[in-house]
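Here is the structure we will look at.
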Amino acid sequence: MNLAYKLLENYNNMPDKICLVQNNEKITYKDLYYKVSNFKKYLVKIGIKKENKVLVLVPMSVELYVTLLAIWSIGAIPCFMDAGFIKNGVKKNEFDDIDAVIGITKYILYANINKNLRTLKLKINSKIINELNEKVELNIEDVNENFYGILTYTSGTTGKPKIVARSHKFLEYQGEILEKTIKYDKNDIELSTIPIFTLSNINVGITTVIANGNYSNLGDSNAEKLIIQIAKNKINRLMASPRFIKSNYRTLYKKKQKNC
């Protein structure tokens, strides 16, 4: 069992359906499939192996899901930091069992400050994803259903990061519960700021528009940009934290009052 097979199923069943939208870029399941297969091939070539632990320092984006699915397809383990703790957490925590880091430029720089991460030979800038454009087939490694699907590191206030472990089976079950609870419709288009819910959308075939938000402080996002996104993409669902919704509603309300 490997959750990456969900991508393969959707590629075969709905290749031209829009999977992810980021800014003005629309990614179909076919596009996502080839991005993942290319990145997987690249990661294997440079030395990432099955069961390796890969610290992922990529904010919510198309590249995040390409990275996650590519790591899964290798049979490796994606590791994440709790949102909001990346900068300080990466600098201070003792990552003594990480085999590679994939991240955006500034987070790679944070990793270089960490005494354990800076010595790693495998530090990959996620921008390489957009430079790979071969049409290679995706081969997916089988893993046991109890094999780690995601490891999440907390802020590590003690200097030793605490870890939340979720297996492939747990993540599949979580997705099934979400599907039953939320009752997706195949024509839904969702604006999302929550990575794990977006992963469920990808698995069940729902189009997700990645919110044009400030992911360092979602409560400080530009509400006007979000409204433009909602109108432009014909959004009918919003998945976000209460703080994100409340903060941006307040911004719009104040602007309306000022213009009256």
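Please figure out what share of the DSSP beta bridges in the chain is antiparallel and state it in percent, rounded to the nearest 5.
Of the beta bridges lying entirely in the chain, close to 30 percent run antiparallel.
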Handout entry: Mean separation of Cα contacts under 8 Å, 6 or more apart, over the residue count of the chain: relative contact order %
Key = 20 percent
Exercise for the section: Name the aspartates and glutamates eligible as straight-distance cross-link partners of LYS121: C-alpha to C-alpha under 16 Å, and not fewer than 8 places from it in the same chain. Expected result: ASP96, ASP97, ASP99
Exercise for the section: Excluding LYS53 itself, calculate the net charge of residues whose Cβ lies under 9 Å from the Cβ of LYS53, where each Lys or Arg counts +1 and each Asp or Glu counts -1. Expected result: -3
Problem - Dipole of the chain [Lys/Arg +1, Asp/Glu -1 at C-beta], most positive-end residue of ILE46, GLY213, TYR29 - result: GLY213
Practice task
At 25 °C and 0.890 mPa s, grab the translational diffusion coefficient of region 5-171 from Stokes-Einstein with a Kirkwood Rh over Cα pairs, rounded to a whole number in µm² per second.
Solution key: 151 µm²/s
Handout entry: Cα centre as origin, Lys/Arg/Asp/Glu Cβ charges: region 5-171 dipole, Debye
Key = 560 debye
Exercise for the section: Sort 98-105, 135-142 for me by packing, meaning the mean count of neighbouring Cβ atoms within 10 Å per residue, highest on top. Expected result: 98-105, 135-142
Fill in the blank from the handout: Among LYS49/LYS135; LYS40/LYS123; LYS17/LYS234; LYS35/LYS180; LYS45/LYS135, the pairs whose Cα-Cα distance exceeds 18 Å are LYS49/LYS135; LYS35/LYS180
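How would VAL44, VAL143, VAL90 line up from fewest to most surrounding beta-carbon atoms within 10 angstrom? Mind showing how you got there, number by number?
Numbers: VAL44 16, VAL143 22, VAL90 26.
Lowest to highest Cβ neighbour count: VAL44, VAL143, VAL90.
Only the coordinates and a few stated rules stand behind these numbers; no lab work does. Here the structure is a predicted model, which means the values were calculated and not measured. Reconstructed Cβ throughout: ideal geometry from the backbone, glycine too, with neighbour counts over all protein chains shown.
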